Amino acid sequence: MVQTVTTDNGSSNKFDRIVNDLAETGLSICDDFLPPLLVSSMAQEIRELWQLGEFRHAGVGKGTSLQLRPDIRNDRIHWLDTENPSSVQRPYLLELETLRNYINRSLFMGLFEFEGHFTLYPQGAFYGVHYDRFISSLERVVTCILYLNHGWQPEDGGALNIHSGAKPCILPLPMQVLPQGGRLVTFISDRFPHEVLPANRDRLSLTGWFRVRP
């Protein structure tokens with residue numbers, strides 16, 4: 001069964017809600033994680049960086065095995081300098097730091113840092129089925145994807161299609177998650193193979209991972 005998830009964050013504490021979801025199913029979808037004005041500002045920053053030529057083609061693999069494979073993925077990325085974030089990025093990174101502390105206190109994962117990049121999928125771009133945790137490198141533990149798209153509709157495509165992995169899960173998988181602005185998708189990085197379906201308009205996000213020490 002495929003379903004589009006539009007989870008409403010009814011919890012009084014979004015961080016508790018996310019942690020509870022991760023503990024129960026390994027996946028959390030939190031709408032309105034950031035206020036609309038901040039979402040719009042981050043989207044504007046992406047477009048300005050794009051105009052300045054600060055994005056590059058995303059690759060597949062890591063280190064010496066990194067290669068461009070447009071048949072697998074053809075999005076563009078701009079890595080964040082999390083030690084010196086822009087004034088627009090800083091509020092979101094502070095929210096993620098709060099989330100990291102909540103996860104560590106409740107789930108004892110030992111997360112110690114966040115790495116991430118802006119992602120832009122031009123019209124027609126996609127990313128085939130993959131896991132976020134490299135076989136040769138186990139540092140990435142929790143994936144966080146913040147969507148920055150205004151007024152996204154089902155006909156715009158570009159859904160995150162989440163599949164079932166090797167571990168049993170009570171969720172109705174596969175499921176499609178629309179990249180609506182302000183929505184944060186958080187999941188255990190090695191649990192769910194997933195893909196980005198082709199988009200019919202530019203698709204913007206900030207994708208990143210909480211890491212543990214090597």
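Only the coordinates and a few stated rules stand behind these numbers; no lab work does. Values in this document were obtained by computation on a predicted structure and should not be read as measured data. Please note: Cβ atoms are built from the backbone with ideal geometry, for glycine as well, and neighbour counts cover all protein chains shown.
Between D16 and E139, what FRET efficiency comes out of the Förster formula 1/(1 + (r/R0)^6) with R0 = 25 Å and r the beta carbon distance, rounded to 0.05? Plugging the Cβ-Cβ distance into 1/(1 + (r/R0)^6) gives 0.45. Exposure proxy shown here: for R213, R56, the number of other Cβ atoms within 10 Å sets the order, fewest to most, as R213, R56. Classify the chain as rounded, prolate or oblate from the Cα gyration tensor: take a ≥ b ≥ c as the square roots of its eigenvalues, call it rounded if a/c is under 1.5, otherwise prolate when a/b beats b/c and oblate if not. It comes out rounded by the Cα gyration axes. Looking at the stretch 14-101, the GluC sites (Glu not before Pro) that sit in a DSSP loop and have at most 10 other Cβ atoms within 10 Å of their own Cβ are E83. Once you have a ≥ b ≥ c as the square roots of the Cα gyration tensor eigenvalues for the stretch 85-167, tell me rounded if a/c is under 1.5, and otherwise prolate or oblate according to whether a/b is larger than b/c. Oblate.
Label reach from Q44 (point 7 Å along Cα→C-beta): in the stretch 139-154, amide nitrogens under 19 Å belong to 147-152.
How big is the shadow of the Cα convex hull of the stretch 109-214, averaged over all directions, in nm²? Can you show the working numbers first?
Numbers: hull surface 27.9 nm².
Computing the convex hull of the Cα atoms and averaging its projections yields 7.0 nm².
Assuming a ≥ b ≥ c are the square roots of the Cα gyration tensor eigenvalues, decide whether the stretch 35-126 counts as rounded (a/c under 1.5), prolate (otherwise, with a/b larger than b/c) or oblate. It comes out oblate by the Cα gyration axes. Each helix, a run of at least 4 DSSP H residues, gives -39500 (n - 2.57); summed and divided by the residues of the chain, these come to -7000 deg cm²/dmol at 222 nm. As a proxy for reagent exposure, W152, W50 were ordered by neighbouring Cβ count within 10 angstrom, fewest first; the result is W50, W152. Taken along the Cα-to-beta-carbon direction at a fixed 7 Å, the label points for C169 and R56 span 3.1 nm.
With contacts taken as Cα pairs under 8 Å at a separation of at least 6 residues, the chain carries a relative contact order of 31 percent.
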